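Here's the structure, in structure tokens; my notes come after.
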DNA sequence: AAGCCGCATTTTATCGATAATATGACGGCA
DNA sequence: TGCCGTCATATTATCGATAAAATGCGGCTT
């Protein structure tokens, strides 16, 4: 089971290892008869290059990492969009996960691990600005996600506030007056949900409605189960409401379950809108109105920024806010 | 930006590189004063080990790959179960995807790429038995998935036929007589859907019902959209049915959409059951009855087999069939 | 006092490839 | 005939770490 090395191929073909290397990498020209002998030896021995050795010497892995909090849902969908873009450049995408804990995220960012990659896309979930500021890596890196990040990093995030405003305004326009912000929070440390709360709030103010703090309903985790439980608690408390803006589609799905269990009809009794426009939003009856985060566009932007850095660009970092739009479906009254 | 190497640390601490290595890896004992100087130098210079160099020399990466057809849904959920098990051994999990095409899968399996990992979990989607037989890798590897594989590979798959039988029998028991097999096929090359069709068929025969080939409804891809379209076609054709066994939950979700659009009530007019018991099955009203594939158990079994190989075991490969069970929810009439 | 042992540390060789440089053969030209 | 340039191929040095063997030194035995 001893691995076949370039030296074995060289011996078999009666040439030096450099000639083998030159044949395989087409760096220096090699005469046709020699090349043929080398190729024959490669085939006969079943030689394959040792990528680790190449990396150590040549400093290139042709591999890009996408580091995510979890492999689930949103990140899985984004990753499937990113992969073909990376592969189009002849590189390879791998996913790592951080469990959304700051320690894991720091570990994934340790310079040691980053060395395996030519570039890194990092979906920031657990790290705050100060922690990120401590990350000193010479590798090309692009951050994704709804946190505040140091200026020196390239960063792509969504128009969170605008998305939430759109969704909420749409429900107001179609008659809702007491709209819950499910999964939102006043805690500014968690930017995604506080930005989205801000958008919800702005829509209410724009419409001249007042903002009731009881309508901001936090969740324990960003899961459907937590969303359902939180909404069931609200229903049990008797607090009246006629609309729900869920901070993500995953939480909106939990809300759908809670409303169905409680006999509240969507959209007749309660309108509902989510955020992310996951694939399932199309199919869960009556169709989930959702803010479309344009995964495809986010993926292209992020990969574009990364590609530029990998090509040697060293200009100032960019901070892109990806536009959002509202996809209206049956869970709100504007739908067909 | 020149990287700090072990030699830099050694110079700073006034020792040899081997002493630095011994301090960091705790291989040979080092006197306390020396160790302290080394640690101080490491901290002062911000040294981090070069994992590529370590790999080349020591032949170990402490990394395991899970190679999947896509990052979506089922695979994302499984991966989230596998990751902690790998991490428990002090190793690291990364995901690669193959796009379910045989070429990509072969590329991911090329010995070259496998060298990056200490072990590989491969979810077989595109490769048939012959192609797999050509894969000659010295690395520990465990296959997952519903295909037929060569004996020499460790393999974990689900009790597909039994799961389909359970789901179908359950719907028969609660009154369905014409049950579609949505996403199933007679094509034996695709073992997952033909095995599940066999289970559906057996349940029908066990109940003394006859098997109507028109009830086997193929889908173009394993997506919700394809499931919905296929079922809408059936409905439009006028073929009567009162139950749907969907080959996966993702397809079942498409079926839910199609039924809702067509004004058919679940479970009153049509009962519906899926396969995989994805998280969303809990939340989509009225709750999706589904065959639970025991992700947790599958993950543990697969990682156990892999761990054994990585520890040096060379005994015969095992072929494990993971048991399944039916989780009854509101989409069938046995539910609460 | 010579010899031996255990311990801490250093030296040497190596993993497998490749960049940079060197060699050598051959043809052209004066 | 002798010198030079060109092209193909070979040598050498190196990437950064680590396994294995070597060194050196104080203490203990007899």
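Just a few scattered comments:
- When residue A:263 is tested against (1) free of Cβ contacts under 8 Å to residues at least 40 places away in the same chain; (2) within 12 Å of chain B (Cβ to nearest Cβ); (3) buried (at least 18 other Cβ atoms within 10 Å of the Cβ), only condition (3) is not met.
- Selection within the stretch A:92-116: residues that are at the interface with chain B (Cβ under 8 Å from one of its Cβ atoms) and part of a loop (DSSP other than H, G, I, E, B). The member of this set that is modelled with the highest pLDDT is A:116.
- Test result for residue A:24, away from every other protein chain (no Cβ under 11 Å) and either surrounded by 14 or more Cβ atoms within 10 Å (Cβ to Cβ) or in contact with a strand residue (DSSP E or B) (Cβ under 8 Å, 6 or more places away or on another chain) (or both): yes
- For the stretch A:48-69, the criterion of being part of a loop (DSSP other than H, G, I, E, B), away from DNA strand D (no atom under 15 Å from the Cβ) and under 30 Å from residue A:98 (Cα atoms) is met by at least one residue.
- Out of B:79, B:58, B:53, B:65, sole residue that is crowded, with 20+ Cβ neighbours inside 10 Å, within 13 Å of chain A (Cβ to nearest Cβ) and free of Cβ contacts under 8 Å to residues at least 24 places away in the same chain: B:79
- Set A:209, A:158: member being touching a strand residue (DSSP E or B) at 6+ places or on another chain (Cβ under 6 Å) and at pLDDT below 95: A:158
- Test: residue in the stretch B:40-60 that is within 8 Å of DNA strand C (Cβ to nearest atom) and farther than 30 Å from residue B:119 by Cβ: no
- Residues satisfying the stated conditions in the stretch A:27-47, i.e. under 29 Å from residue B:61 (Cβ atoms), assigned to a helix (DSSP H, G or I) and either touching a strand residue (DSSP E or B) at 6+ places or on another chain (Cβ under 7 Å) or without any contact (Cβ under 8 Å) to a residue 24 or more places away in the chain (or both): A:43
- The residues of the stretch B:1-21 that are buried (at least 16 other Cβ atoms within 10 Å of the Cβ), touching a residue at least 24 places away in the same chain (Cβ under 8 Å) and within 27 Å of residue B:117 (Cβ to Cβ), listed by number, are B:4, B:5, B:6.
- Exclusive hit being within 12 Å of DNA strand C (Cβ to nearest atom) and away from chain A (no Cβ under 14 Å), set B:12, B:32: B:32
- Among (1) more than 16 Å from DNA strand C (Cβ to nearest atom); (2) facing chain A (nearest Cβ under 10 Å); (3) crowded, with 16+ Cβ neighbours inside 10 Å - the single one residue B:85 does not satisfy: (2)
- Of all residues in the stretch A:311-333, those being part of a strand (DSSP E or B) and either within 15 Å of residue A:166 (Cβ to Cβ) or free of Cβ contacts under 8 Å to residues at least 24 places away in the same chain (or both) number 5.
The values are calculated or read from the model by the stated rules, or taken from the named source; none is laboratory data. Computed from a predicted model, the values in this text were never measured in an experiment. Ideal geometry is used to build each Cβ from the backbone, glycine not excepted, and the neighbour counts take in all protein chains shown.
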